[in-house]
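Scroll down for the structure; my scribbles are underneath it.
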Amino acid sequence: MIKIEELLSGEFSAYPEETQKFMKKYTERLRESIEEELVRDMADRMLKDIDKSNETFISILTEILNNGCKGFNKMSTQSLLNIYLERKTEEDFFNLLKRLNEEV
């Protein structure tokens, strides 16, 4: 049984080489999926705010530009998951894992 902590840390050395390859691929796909969902969620929120008022959109854009935004590629998987769970529910995360498992 694979532990979620191992997926988040990327530490697979205790497993046979074939399992390590699988886990690395799975972790990469998990990261990609989380990144895609976060980008889509952020874009949806910004687009909805544009429709509400330009001031709200400009406020969000100003916050991003003033505070900067660390790229998702430079974040750890744990950090990505934390952001994901701040914006989405645990059920959304389990559904994401379910979709990943169906792809594999």
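The values are calculated or read from the model by the stated rules, or taken from the named source; none is laboratory data. The shown structure was predicted, so the numbers you read here are calculated from the model rather than taken from an experiment. Neighbour counts are summed over all protein chains in view; Cβ atoms, including those assigned to glycine, are modelled from backbone coordinates with ideal geometry. Heads up: the accessible areas ignore ligands, DNA and RNA and are worked out on the full protein's heavy atoms, side chains in. Shrake-Rupley method; radii C 1.70, N 1.55, O 1.52, S 1.80 Å.
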| note | Taking Cα atoms, the helix 90-103 axis meets the longest principal axis of the chain at an angle in degrees (rounded to 10) of 50
| remark: When the chain is treated as a Gaussian network with springs between alpha carbons less than 10 Å apart, the largest mean-square fluctuation among LEU85, LEU65, LEU47 is found at LEU65
| field | Positive-end extreme of charge dipole, the chain - chosen from ILE64, LEU85, ILE2 (charges on Cβ) | value | ILE64
| task | Provide the per residue accessible area, probe 1.4 Å, for segment 21-104, rounded to a whole number of square angstrom. | result | 72
| Computed magnitude of the charge dipole of the chain (debye, nearest 20; Cβ of K, R +1, Cβ of D, E -1) | 160
| field | Added length on full extension, which subtracts the Cα-Cα distance from 0.36 nm per residue, ASP44 to THR77 | value | 9.6 nm
| Got a sec? Charge dipole of the chain, +1 on Cβ for Lys and Arg, -1 for Asp and Glu; which of PRO16, LEU96, SER53 is way out at the positive end? | PRO16
| task | Using label points projected 7 Å from each Cα along Cα→Cβ, tell me how many nm separate GLU11 and SER59, to one decimal. | result | 4.3
| Degrees, to the nearest 10: 17-52 long Cα axis against longest axis of the chain | 10
| task | Give the peptides 25-31, 40-46 in descending order of average Cβ contacts within 10 Å, highest first. | result | 25-31, 40-46
| remark: Taking a ≥ b ≥ c as the square roots of the Cα gyration tensor eigenvalues, with a/c under 1.5 meaning rounded and otherwise prolate when a/b beats b/c or oblate if not, segment 41-92 comes out oblate
| Hey, with R₀ at 30 Å, roughly what FRET efficiency would GLN20 and LEU97 work out to, going by the Cβ-Cβ distance, to 0.05? | 0.95
| query | Carbon and sulfur together cover what percent of the accessible area of the chain at a 1.4 Å probe radius? | reply | 52
| said: Greater than 26 Å separation of Cα atoms is the criterion. Which listed pairs, LYS25/LYS48; LYS3/LYS25; LYS52/LYS98; LYS21/LYS74; LYS21/LYS88; LYS48/LYS98, meet it? | reply: LYS25/LYS48; LYS52/LYS98; LYS21/LYS88; LYS48/LYS98
